[in-house]
Structures are given as structure tokens and as C-alpha cells.
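Below you'll find the structure, written out as C-alpha cells, and then a few comments.
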Amino acid sequence: MLQDIIGSKTVLFADGVQTVLRAHENRNRNVAILKGNLVNNSRSESRGINARVNRNGIFGFASIADYTPEAAEKVIKAATENAEFLSRHSSRSIALPASVCSGSVALNRDIVDVEQKRIIELCRQFDDYIANKYPDLSSRIISYAEDSQDRIIYSSDAASGHLVTPRCHVYIVMTAETAEGTPVEIFKAIGGFGSFEDHFSDPEKYYPDIDKLYKQVMDKKEGIYPEAGEKTVILGGLMGGMLAHEAVGHTVEADLVRGGSVAGPNLNKRVASELVTMVDFAHSYNGGLAPLPVYLDDEGIVAEDVTLIKDGILVGYMNDRESAEEYGMKPAGNARGWTFRDEPIIRMRNTCILPGKNTVEELIASVEDGYYLIQSGNGQADLTGEFMFGVTCGYEIKNGKLGRALLDTTVTGVAFDMLKTVDMVSDEVTWTSSGFCGKKQPMAVGMGGPHIRCRITVGGR
Amino acid sequence: MKTVREIGDSFDAIIKDRDIQKYTYTLSTSEKQELNLEDGTFKLMRTVFDQNGSVRVFRDGKTGSASGNDISEEGLNKLLTESIAAAESATEDPCHDIAPDQGKDVFRQGVDKPDIDRFIERVQELLDLMDKDYPKIKILGGVASIDRWNWFSRNSNGTEFEGIGGQYGFSLEISASEGDKTTGLDYVYFSTADLDKPFIEMADVKEHLQAVSDSIYPESVEGKFEGKVIMTPSCAENFLYMTIGNYISDRVIIDGTSQWLDKVGEKVADESLSVALRPFDERIVMGERGTQDGYRTEEVQVLEKGVLKTHLLSLYAANKTGRPVTKNTGHDLVVEPGDKSLEEMIASVDKGILMGGFSGGQPGTNGDFSGVAKNSFLIEKGKIRCALSETMVNGNLGDILNHICGISKEQCLSGSSVVPYIAVDGVIISGK
């Protein structure tokens with residue numbers, strides 16, 4: 001845990017500018033076992049201090065890989081000088097955003113470290129379980145990754161605080177061979193927000209998940225290519241989360257709106273069926289913690305939920321302080337940086353489409369000829385709202401019943417067209433917090449969604 | 001302030017005190033000066049003073065690694081403690097090893113004394129030209145960075161390498177708009193060691209600006225057809241790196257799932273394709289000089305006239321599988337040019353697409369790919385007809401390399417790769 005050695009340096013904040021001073025530590029623990037071989041066994045930590053100075057819309061940022069009071073002094077000075085230097089080369093001039101909050105956010109929890117030996121033992125236990133029970137797999141990977149963050153934030157005219165975000169996951173990959181000798185893969189992430197013991201004190205509780213994963217890869221080795229074209233599909237909860245993040249979330253980040261995203265001309269207009277409500281949750285969901293809680297962002301804004309789509313109408317964007325001023329919205333804590341080296345940029349937190357009223361069974365039974373898409377490997381989106389998700393696990397649906405498994409494919413569409421085709425939404429939500437979002441810097445994000453029936457374009461042969 | 005070499009000398013004493021017989025470490029310091037653009041002007045200036053230390057130790061046939069950015073004496077001691085604990089927790093595996101003695105060397109690369117004022121002039125010159133000649137282009141983000149670094153690595157077999165270098169890097173994230181109509185995003189990047197040429201002439205900057213300007217009114221293809229795809233250099237580079245990862249890298253060779261497991265020496269691609277890793281090519285700005293295993297980096301021919309010459313294996317993977325190690329970590333891609341111009345290649349396509357980017361799921365080990373053709377244009381009867389949206393491409397990495405139907409004379413020099421346009425046949429192209 002970081003000890004606060006920077007608080008006393010706020011006296012160096014200059015008048016007439018907005019300054020944020022941040023201490024930031026990233027901690028990584030990694031182990032990977034490939035088909036029984038320990039191929040990664042590493043630990044790393046990086047810590048440092050940065051400062052960002054906003055001088056009438058021109059920003060100076062400086063960071064140092066050093067954690068001392070002197071380093072804090074240096075970054076404040078260097079960031080101030082950078083803003084001054086750049087003002088000689090830039091035509092930008094924007095009034096400083098109004099102060100919107102103050103006070104201090106208390107430390108939310110601790111990060112508990114674990115010996116590397118325990119991590120290796122955990123991965124070995126999973127690997128032994130799979131190797132002994134499922135010898136017919138052609139390959140398997142057990143990979144543990146912890147990427148925890150610890151931040152102390154001081155701002156000149158917003159809030160301050162000390163926040164930690166511990167996160168650890170085990171990724172399990174299984175490979176099987178088809179009758180023709182072609183490999184097919186499937187994966188699952190287990191774990192989430194918290195430290196090692198929060199998730200892995202009883203590894204055996206994950207055995208049913210592993211057994212299910214094996215069944216899926218066995219189904220997949222008999223799998224078929226989907227038929228290409230626009231189809232009726234049921235997106236599973238993990239796919240619903242990907243939809244929330246990729247298809248919609250990026251288009252409503254205010255920096256992309258400023259860059260010409262399709263969300264710009266659609267504010268306060270219908271962009272989805274009335275069954276769709278979507279929220280970027282800050283730290284809590286449905287009376288409990290959101291997958292990756294954010295209490296304070298790296299501009300010193302106390303985090304609040306942002307409703308993005310309400311009953312199908314686009315009602316909000318995710319902002320930093322400057323864009324919130326520009327769009328007449330309230331900043332809600334979306335500006336974050338990944339390491340001490342990184343300036344805060346607009347990021348999602350826990351983006352989710354809210355549940356509806358149907359059961360999952362009802363959704364599947366309603367499809368005469370289509371696909372049930374369960375797991376996504378990755379996704380991307382564009383300014384136009386055109387998105388794609390890789391689909392790594394899915395099944396065909398014939399006459400309301402699940403059929404053969406699908407080989408890897410990709411689905412695509414234009415978000416605000418596709419969301420208007422949503423006509424059934426299930427009554428539960430599946431969250432995931434294992435992913436990284438890439439946007440100049442990586443960022444850990446949570447995403448979630450219910451099962452959704454919609455029309456989507458499927459890639460295939 | 002101590003140099004990384006001096007810190008290394010201190011580290012040696014610490015390692016000796018801890019009675020570690022086999023080890024390898026790398027220490028580095030770096031400085032970044034970065035100018036960030038938004039909406040056509042400079043918005044943020046970012047300075048990063050960074051440093052890093054990484055160490056890997058071996059004990060009784062077991063190995064563990066630790067890294068961190070505290071390279072004070074206390075920090076290095078902590079790194080050693082962590083790496084020893086990791087090694088002692090590991091299982092014994094004699095395949096983990098470090099390269100034999102490669103001697104001592106100092107590598108100086110790239111720009112020594114960067115000129116930030118001239119760099120800003122070059123960026124501003126491009127912005128002014130874009131304003132004038134590409135008025136529909138909108139800059140969502142741009143990063144102009146000057147990076148300098150000094151690294152030092154040493155291992156217990158006697159190898160001692162030091163690298164001193166720097167480069168200019170420039171990237172743009174662009175779209176184009178007219179009224180309410182906006183294109184998708186496009187990206188362009190290059191690195192360089194000098195500022196001799198205007199940035200509009202670097203890499204394929206001009207081609208990207210023109211392509212995005214021409215993409216405001218896209219159409220989707222009708223139905224589904226099997227056709228030719230001409231990949232732009234950046235798109236072709238992406239496909240070639242996916243092929244390397246899926247067919248000849250450590251993981252798929254160790255676990256035996258590679259489709260090219262026993263294909264070294266055999267023809268796996270069209271004979272027009274020759275691919276190499278050339279860190280010493282003068283067109284590569286900061287080519288690799290030492291591998292992660294501690295070898296002196298060598299140039300590697302991966303494919304020669306369609307024949308697979310080698311897998312790309314680390315020392316561990318080589319020991320594990322009994323195959324030769326590759327003295328190259330896998331960067332600095334150079335693809336031999338062909339004998340046709342891009343114009344001739346387009347003219348030879350009856351129906352197909354010019355594909356500027358691929359947005360798709362990560363192909364599985366079998367090489368099947370499926371995704372959206374981004375920044376792409378429909379070609380019909382030898383002419384570009386329109387920009388495309390909502391158009392998918394499906395195929396197999398290994399299959400398309402056997403169906404290459406053209407490689408351009410033109411190559412894109414990005415500073416980290418040299419790649420031409422590559423045309424392939426047999427790709428399933430589908431619309432809504």
C-alpha cells in the first residue's frame with residue numbers, strides 16, 4: 001500500500017490553473033502453465049508520481065518513476081512548465097471548468113499480497129484436475145494474472161482520496177482436435193475484484209465451471225460454421241456486456257463524440273428499442289459492489305453512475321471535466337489513467353444494459369432459426385457505431401432448441417440500428433471484470449448485460 | 001545520477017552477496033517528450049521520466065523473474081528477493097536457460113540529440129497541409145513523441161550489452177466528415193530517426209488521408225461472394241503477425257497444435273511471398289540488438305519463396321521441443337516487394353475489395369479468421385467503386401497465403417516494418 005508522502009506538496013499548486021497530483025502504483029503477479037510446463041513465473045511493481053496542470057485548456061503533464069516528496073515537487077514544476085511551453089504552440093483557449101466537488105474519499109480497502117508459491121500451487125491444482133480428468137484434450141493453459149492498482153489523488157479544486165483496485169483472475173484455455181486434426185479452443189476467466197484469497201481460497205468450487213468448459217470445447221470440435229448474414233440471435237450475458245461496452249459505450253465517450261461519433265447528433269433521440277436502458281455504474285449495482293468499483297477519478301471527481309440510454313433514448317455521455325462543461329453535463333468520475341506514466345482520459349467503469357422481464361429459456365424458445373452466442377474473445381467499435389465482437393462459444397437454435405455448436409466467428413452491426421431490433425431482454429445480468437479496454441492506454445473495466453434477442457450480422461462461410 | 005551501467009556494477013555486487021550463480025538482468029532509463037493533438041491543435045504536453053529493472057534467477061533447475069521501477073539499492077535487493085522466491089516456488093525444468101556468452105557490445109541507434117523545435121515544425125507543417133488539402137479530415141487524436149533510452153543487460157554467462165538510442169514517433173487517429181456524415185476511424189503511425197522529409201511523405205500518411213477523405217459515403221456489399229482482397233501494407237502486416245503467432249510461435253510449437261508443426265523446409269505459401277525479420281535493415285529505425293534470451297540478434301528468413309525456413313522459438317521452446325532456437329524475438333518485419341504496381345493490382349480484380357484494416361476476433365489456432373473489413377473499398381471490373389461499411393471477410397490464414405495473386409512494387413516504410421500491398425484470393429466477403 002502507498003503511504004501518503006505527497007499531500008504536503010499541494011502548497012506548490014499554482015494559482016490560476018487546475019492541478020492534480022497523483023501517486024500511482026501498479027502491481028502484477030503472473031503465472032502460466034502450458035500443457036503442464038511452467039512458462040511464466042514473474043512479479044512486477046511500478047510506482048511513481050505525476051502531475052497534470054490545466055492552463056486554459058492547454059494541459060501539461062509530467063511523471064517520474066520515483067516515490068519521494070522531491071519527485072512530487074519535480075512533477076508539479078515540470079507539468080506547469082509543459083503547459084506554459086505548449087501554450088506558445090497551440091491555438092487552444094478554453095475557460096477552466098467550474099469546481100464541482102470537494103472533500104476527501106476514504107481508502108476503500110486493502111490489497112493483500114500472496115506468495116508466488118501459492119499462485120503456482122493454485123495453477124497446478126487446476127492443471128492437474130484438467131490433465132487427469134480430461135486427457136483427450138490436445139492442449140490446455142492455466143494462466144493467473146493479478147493487476148492491482150493503488151492511487152492517492154490530490155486536486156487543487158476538486159476532491160482528494162486514496163483508492164485501491166485489486167483484481168486477479170485465472171484464465172483457463174482448453175484445446176481439442178476435430179476429426180480432421182484441426183484445433184479448436186475455448187476459454188473462461190474466473191476471479192475478479194479483490195485479492196487472491198477473496199477468490200481462490202477454495203479452488204474446488206470452480207471444478208463445475210471447468211467441467212462445463214470441457215463440454216463446450218467437446219461440442220465445438222463437432223462444430224459448424226454459421227451461415228453468413230443478418231440473423232436473429234440471442235446474445236448471452238457476456239455478449240450483452242460486450243455490446244454495452246463496445247457497441248454503445250465507446251460511441252458515448254465524450255472525446256469520441258467531439259471527434260464526430262454517431263452519438264453526437266443523436267442525443268435525446270431514440271437509439272434503441274424501449275427495452276434498452278444502459279448505465280455506466282461507478283461503484284455499486286443492485287445493492288452490492290459493481291465488478292470494478294471506482295469511487296474517485298484521476299481528476300478528483302467523486303464518481304457517480306451515468307445513465308447513457310433510458311428506455312431507448314440516448315440521454316448522456318461519459319465525460320471528463322472539460323467535456324462535461326462543453327456538453328452541459330455533470331462530470332461523474334470517468335477520467336482515469338492506467339499507470340503513473342499516464343494522463344487521465346475518458347474511460348468506462350462498469351457498463352451494463354439493465355435486465356428486462358423474460359427468462360433466458362423464453363428467449364431461446366422464441367427463436368425458430370438463429371444462434372445463441374455465449375462468449376466473446378474481443379471486440380472493437382467505431383465512430384459510426386459499427387462494432388464487431390469475436391464469438392468463441394455459441395450454438396445454433398432450431399425451432400426453439402439448442403443445436404450444434406459454432407466454430408469461431410464474428411458478429412457485426414451498427415449499434416443504433418441493431419439496438420432498435422432488441423425485442424426481448426432477460427431478467428438477469430452476467431458481469432465480467434477480466435477484460436482490458438484499449439484506448440491509448442489499457443484500462444481494467446467491468447461490463448455486464450442480460451440475455452438479449454436481436455438481429456445482428458453474423459460472419460461465416 | 002548513476003548510469004545504468006554503473007547501477008549494473010552495483011547490482012553485480014548485490015547478486016554476488018546473495019550467492020546467485022545463474023542470472024540475467026536488464027536495467028533501463030528512459031525519457032519521453034510527447035505532444036498530444038486534438039481537433040487539429042496541440043492539447044497536452046507529457047513528459048515521462050521512467051526507469052526499470054528486471055531480473056531472472058535460476059536455482060536448482062528452477063527459474064523466477066521480478067521487475068520493477070525502483071532501481072535503488074533497496075529496490076534491486078527487493079527484486080532479487082522476489083525473483084528468488086519465485087524461482088524456489090517453481091518446478092524444476094532444465095529447458096529454462098540463458099544464451100551462452102555473446103561477448104560485450106554497445107549499440108547506438110536512432111537519434112542522439114532530438115530537435116524538439118524542428119519536430120514541432122514538421123508536425124505543424126502536416127497540420128497546415130491537412131487543413132489545405134484534406135479539409136474533410138478531422139483529427140481525433142494525435143501523438144508526436146520523442147523517446148530516448150539507455151538500457152544495460154548482463155548475464156552470468158558473461159554477455160554484456162548496452163543500448164543507447166532515441167527516435168521520433170508520430171501517430172494520428174483520424175476520421176472525415178461532411179455535414180452529419182462521418183467516416184469510421186483510421187490510424188496511421190511511423191517512427192523515424194531524422195526529420196529530413198515532410199511528414200506527408202512518411203510511411204503511408206498520404207494514402208490514409210486520401211482513403212479516409214473518400215470514405216464518407218460508404219455502401220455495404222450485397223449478399224456473399226468469394227473474391228480477391230488487396231490488403232494495404234498495415235493490414236497485411238497485421239495478418240502476417242497473426243500468422244506468425246498462430247503457426248510458428250512458442251505456444252503452438254510447444255503444445256503441438258501448430259498447423260505448420262512439421263512444415264519447416266516445405267512450401268506453405270505462394271512462391272511470390274518472402275518474409276524476413278531484418279533488425280539491421282537501414283529502413284528499420286530501432287531494430288532489435290539483443291534477444292530476451294540473451295542472444296545477439298540475427299536476421300531471420302521466415303518464408304523464402306513460399307517455403308517455411310524456421311519456426312520462431314525462444315530458447316525455452318527450442319530446448320523443450322528439440323528444435324533450433326531463433327536469435328530474434330520476432331520484430332522488424334520486411335516483406336519482399338512484387339513486380340506489379342498497386343494500380344495494376346486493382347485493375348486485375350474483377351470483384352473484390354481493397355482492405356485497409358481488419359477488425360475481427362483473434363483467430364484460433366487453426367487460423368480461421370472472421371471480421372469486419374475496415375477502411376475498405378469495393379473493387380469491380382478493375383476499378384474502385386465505393387467505400388464499404390458493414391462488410392465482413394472470412395477465411396483461413398494458411399489458406400490465403402497459398403492464394404496470393406499479387407504483391408506490389410510499392411512498400412510502406414513505417415520505421416518498424418517494410419511491407420507492400422498483398423492481394424489474396426478465396427476470401428468470403430459478405431454484406432448484410
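The values are calculated or read from the model by the stated rules, or taken from the named source; none is laboratory data. These numbers were taken from a predicted model, which means no experiment stands behind them. Cβ: placed from backbone, ideal geometry, glycine included. Neighbour counts: every protein chain shown. Side chains are part of the model used for accessible areas, which takes the heavy atoms of the whole protein and leaves out ligands, DNA and RNA. Shrake-Rupley method; radii C 1.70, N 1.55, O 1.52, S 1.80 Å.
Under the √(5λ) rule applied to the eigenvalues of the Cα gyration tensor, what semi-axes describe the equivalent ellipsoid of region A:7-221? Give them in Å, descending.
48, 19, 15
Which order do A:His283, B:His403, A:His245 take when ranked by solvent-accessible area (1.4 Å probe, heavy atoms of all protein chains), largest first?
Largest to smallest exposure gives the sequence B:His403, A:His283, A:His245.
For A:Ser143, B:Ser376, give the ranking by accessible area with the largest first, probe 1.4 Å.
A:Ser143, B:Ser376
Would you compute, for the Cα atoms of the protein assembly as shown, the largest minus smallest coordinate along each principal axis and list the three values in descending order, in whole Å?
Cα spread of the protein assembly as shown along its principal axes, largest to smallest: 70, 65, 61 Å.
Using a 1.4 angstrom probe and counting only protein chains, how large is the accessible area of A:Ser87 in Å², to 10?
In the full protein context, A:Ser87 sits at about 40 Å².
Just to confirm my numbers, what's the Cα centroid distance between region A:303-381 and region B:206-225 in Å?
Taking the Cα centre of each part, region A:303-381 and region B:206-225 sit 28 Å apart.
For chain B, what are Rg and Dmax over the alpha carbons, in angstrom?
Radius of gyration, then largest Cα-Cα span, for chain B: 23.9, 74 Å.
Could you identify which residue out of B:Arg122, B:Arg46, B:Arg283 has the top mean-square fluctuation in a GNM of chain B using Cα springs shorter than 10 Å?
Ranking B:Arg122, B:Arg46, B:Arg283 by mean-square fluctuation puts B:Arg46 first.
Mean 1/r over all different Cα pairs, inverted: what Kirkwood radius does region B:4-213 give, in Å?
20.1
Counting DSSP beta bridges in region B:228-366, what percent are antiparallel, to the nearest 5?
About 70 percent, rounded to the nearest 5.
Spin-label point model (7 Å from Cα, Cβ direction): what's the B:Asp105 to A:Ala14 distance in nm?
For the pair B:Asp105/A:Ala14, the computed spacing is 4.6 nm.
Output ³J(HN,Hα) for region B:198-203: one whole-Hz value per residue in order, computed from phi by the Karplus curve 6.51 cos²θ - 1.76 cosθ + 1.60 with θ = phi - 60°, and x for Gly and Pro.
Each residue's phi maps through the Karplus curve to give x, 5, 5, 8, 7, 6 Hz.
How large is ³J(HN,Hα) for each residue in region B:343-358, as worked out from phi by the Karplus curve 6.51 cos²θ - 1.76 cosθ + 1.60 (θ = phi - 60°), to whole Hz, x for Gly and Pro?
Couplings: 4, 5, 5, 5, 4, 8, 9, 6, 8, x, 9, 9, 9, x, x, 10 Hz.
Could you tell me which of rounded, prolate or oblate describes region B:244-297, using a ≥ b ≥ c as the square roots of the eigenvalues of the alpha-carbon gyration tensor, with rounded for a/c under 1.5 and, failing that, prolate when a/b is larger than b/c and oblate otherwise?
oblate
Considering only protein heavy atoms and a 1.4 Å probe, what is the carbon-and-sulfur percentage of the accessible area of chain B?
Of the solvent-accessible surface of chain B, carbon and sulfur hold 45 percent.
B:Glu304: net charge of surrounding residues, Cβ under 14 Å, Lys/Arg +1, Asp/Glu -1, itself excluded?
Neighbourhood net charge equals 0.
Express the relative contact order of region B:93-244 as a whole percentage, based on alpha carbon pairs under 8 Å and six or more residues apart in sequence.
24
Hey, with R₀ at 22 Å, roughly what FRET efficiency would A:Ser201 and B:Ser72 work out to, going by the Cβ-Cβ distance, to 0.05?
Efficiency for this residue pair is about 0.05.
Over all distinct Cα pairs, what is the inverse of the mean 1/r for region B:193-352, reported as the Kirkwood hydrodynamic radius in Å?
Answer for region B:193-352: a Kirkwood hydrodynamic radius of 18.3 Å.
Give me the accessible area of B:Cys405, 1.4 Å probe, in Å² rounded to the nearest 10.
Approximately 50 Å² for this residue.
Quick check: the distance between the Cα centres of region A:108-154 and region B:124-148, to the nearest angstrom?
First find each Cα centre; the distance between them is then 44 Å.
Of all accessible surface on chain A at a 1.4 Å probe, what whole percent is carbon and sulfur?
Carbon with sulfur: 48 percent of the solvent-accessible area.
Relative contact order for region A:7-221 using alpha-carbon pairs under 8 Å, separation at least 6, rounded to a whole percent?
21
A:Ser93: accessible area at probe 1.4 Å, nearest 10 Å²?
Answer for A:Ser93: close to 100 Å² accessible.
If you average the alpha carbon positions of region B:6-79 and of region B:368-432, how far apart do those two centres end up, in angstrom?
About 41 Å separates the Cα centre of region B:6-79 from the one of region B:368-432.
Please compute P(r) over all alpha-carbon pairs of region A:21-130, binned at 10 Å starting from zero, and give each bin as a whole-number percent.
12, 24, 25, 17, 14, 8, 0
Determine the percent antiparallel among the DSSP beta bridges restricted to the protein assembly as shown, to the nearest 5.
85
At q = 0.12, 0.15, 0.20 Å⁻¹, work out log10 I(q)/I(0) for region B:8-123 with the Debye formula, treating every Cα as an identical point scatterer and leaving solvent out; two decimals please.
-0.62, -0.79, -1.09
Express the C-alpha Rg of region A:258-386 as a ratio against the empirical globular expectation 2.2 N^0.38 Å, rounded to two decimals.
Ratio of Rg to 2.2 N^0.38 Å for region A:258-386: 1.20.
Across 10 Å bins from 0, what is the distribution of all Cα-Cα pair distances for region B:128-261, in whole percents?
Distribution as computed: 9, 24, 27, 24, 12, 4, 0 percent.
So what is the diffusion coefficient of region B:1-72 in µm² per second by Stokes-Einstein at 37 °C and 0.692 mPa s, using a Kirkwood Rh over Cα pairs?
Answer, rounded: 223 µm²/s.
Please report, in cubic angstrom per residue, the volume enclosed by the convex hull of the alpha-carbon atoms of region A:229-458.
For region A:229-458, the hull spanned by Cα atoms encloses 107 Å³ per residue.
Indicate the gyration tensor shape class of chain A (rounded, prolate or oblate), computed on the Cα atoms with a ≥ b ≥ c the square roots of the eigenvalues: a/c under 1.5 is rounded; otherwise a/b larger than b/c is prolate and the rest oblate.
Since a/c reaches 1.5 but b/c is at least a/b, the shape of chain A is classed as oblate.
Please work out the Cα convex hull volume for region A:374-426 and give it in Å³ per residue.
Taking only Cα atoms, region A:374-426 has a hull volume of 95 Å³ per residue.
Return, for the Cα atoms of region A:185-251, the radius of gyration and Dmax in Å, separated by a comma.
16.2, 46
Kindly work out what percent of the DSSP beta bridges joining two residues of region A:167-316 are antiparallel, to the nearest 5.
Of all bridge pairs located within region A:167-316, approximately 100 percent are antiparallel.
What does the charge add up to near B:Ser389, with Lys and Arg as +1, Asp and Glu as -1, over the other residues with Cβ less than 10 Å from its Cβ?
Around B:Ser389, the surrounding residues sum to -2.
Please tell me the relative contact order of chain A in percent, rounded to the nearest whole number, where contacts are Cα pairs under 8 Å and at least six residues apart.
16 percent.
Around A:Val367, under 10 Å between beta carbons, what's the net of Lys plus Arg minus Asp minus Glu among the other residues?
+1
Do you know the Lys pair count in region A:7-221 for C-alpha distances under 14 Å, with sequence separation 8 or more or different chains?
Lysine pairs, 8 or more places apart or on different chains, close enough: 8.
May I ask you to rank B:Lys104, A:Lys9 by accessible area, largest first, using a 1.4 Å probe over the protein chains only?
B:Lys104, A:Lys9
GNM on chain B, C-alpha springs below 10 Å: top fluctuator among B:Met286, B:Met45, B:Met202?
Highest fluctuation of the listed residues: B:Met45.
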